[in-house]
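Derivation of every value follows stated rules applied to the coordinates shown; laboratory data play no part. Bear in mind that the values here come from a model prediction, so they are computed numbers and not experimental data. In this analysis, Cβ positions are derived from the backbone assuming ideal geometry, glycine residues included, and neighbour counts consider all displayed protein chains.
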Amino acid sequence: MAVTKEMDITDAVLRHARENPPSTEVVKNRERVALAIRKYTKERLGLTLTSGQERALETFASREGVLLKLSHGAMIPHLGVFRLHVKAGEICSDTDNRMVSLYLIDDQYYYNWYPEITRLGFHLSGKPPSEQKSAITIPIPKEHKTKPLLDIPPPETKIFDRLENQIMGRFGPNLDHFLKEYGKSKGDVDKNLFKDGLRREMEILRTGAEVTHNYADFCARYQIGSFRRTNPDAADKVLFLSFWDFKDLFVDRFQTLFHKSEEVSRIKNEVEAAQENPDTTTTKEHKDDAPPLWFLCDCGRRNRGQRRGEEVSFTCRCGKTTTGHFGEVRFVPDITGTQSVSGSALGLSGRIVGSSLPYTQVADRMQKEIFDSEPATRFVLKSHPVYYGVGETREGDGRASLFRALCETKASVLGAALKSPWDVNPHVHSCYLEPQT
Ligand SMILES: [Zn+2]
């Protein structure tokens, strides 16, 4: 049998786990995280763990469990991000219940970082949503745009009828575009297929808005529910946890990073000096008093704070100056803080990522030098799904949203396409291009 990339990844992850068995502290940490996962799923998402996830949770909390981790999740994702779940879950399900995957839902993210979280993703006569002045979006009131998604309420349920009508209103012009693009005639097309799909997905969003209490959970619930429909076997191997809850469980480790900001700055400066491009001279010096954390002002904005002994201080864009001891001011770690703590506290043996950026070397050195823990390999999933449907051009869309695809493609058909081999771009077709039984 030919060796696949997926098999290589499995071997590398199991080898890391063998060479770095979890300490007693790591197993205890996993047990605490397992309780948090259970609570998050039930109380914040209004969901029940599947029986497969219950088994995965037991594995997760045991010394024998091998962990893969991924993140990037508090949104109605495009298919490329969603596929990270699918491939991670698929790799785990091939290991006889030894490997599980933890997905941190990024509820600390801001709308401004990812305006896509409000875009439902419908093309208009070939024009992608990012180029449309009137892209169909879930409205977020202006006063919430400076806050983390955890602090933004879910959408009001009354907007969903309006959104459904708006999307249906686009179907006419899109259909004309589609018939021309593919040389089909009106008689070939049953409008009800789209109408029924849209209504079903909208109803799922509406229910999510009713049962969740913030925008991040609203998005996460849609994503997790969709995953269970498209790839039920893989979904059984992926456990979801709020990033904020994860951060609260490991405050002691973030406090260590706060106190060791000089060491973190030294690592950052050394890595950046080694990476410095001789064509540029813009490498900035990291200051010793800047911990790898962001501190939140009362207005919601995040700020890099200055450390003075036990205290942190910052002046926000809104004009307010905040000073307080560590623990008194809300904080979220930056990406290096997140990766070094998640890797060391949980004993990760692999990471599935969409890209590997220069900061990863900083995170790995922090994990090793500050927490004395061996970093896991990152496996970068570079192939990306392309969606073909009514409204898209004939070349398809490389950033179609999950919601958009599920309105026009059967969940099992989408799931099967997303399971394409590691290096192969999945091609996902609408029901108008490929009959789906
Ligand atoms: Zn502020």
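Per-structure values
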read-out	value
Residues being buried (at least 19 other Cβ atoms within 10 Å of the Cβ) and either touching a strand residue (DSSP E or B) at 6+ places or on another chain (Cβ under 6 Å) or hydroxyl-bearing (Ser, Thr, Tyr) (or both) - total across region 115-134	4
Failed criterion for Lys268 (all others in (1) within 30 Å of Ile138 (Cβ to Cβ); (2) buried (at least 16 other Cβ atoms within 10 Å of the Cβ) hold)	(1)
Looking only at region 290-340, and only at residues there that are among the aliphatic types (A, V, I, L, M) and away from the ligand (no atom under 14 Å from the Cβ), the one that is nearest to Lys368 (Cα to Cα)	Ile335
Among residues of region 374-399, those that are assigned to a loop (DSSP other than H, G, I, E, B) and farther than 30 Å from Leu348 by Cβ, counted	6
Single residue of region 135-159 satisfying the filter (surrounded by 11 or more Cβ atoms within 10 Å (Cβ to Cβ) and either within 15 Å of the ligand (Cβ to nearest atom) or among the basic types (Lys, Arg) (or both)) that is farthest from Arg221 (Cα to Cα)	Thr146
Search result, residues across region 295-329 that are surrounded by fewer than 18 Cβ atoms within 10 Å (Cβ to Cβ) and outside any strand (DSSP E or B)	Asp298, Cys299, Arg304, Gly309, Glu310, Arg317, Cys318, Gly319, Lys320, Gly327, Glu328
Filter pass, Val380 being within 16 Å of the ligand (Cβ to nearest atom) and under 25 Å from Leu84 (Cβ atoms)	no
Tabulated pairs, region 340-362, first assigned to a loop (DSSP other than H, G, I, E, B), second not hydroxyl-bearing (Ser, Thr, Tyr), C-beta under 6 angstrom, 6+ apart or interchain	Gly347/Pro22; Gly347/Val26; Ser356/Arg378; Ser356/Val380; Pro358/Gln275
The one condition in (1) outside any helix (DSSP H, G or I); (2) more than 16 Å from Gly350 (Cα to Cα); (3) in contact (Cβ under 8 Å) with a residue 40 or more places away in the chain that Thr48 fails to fulfil	(3)
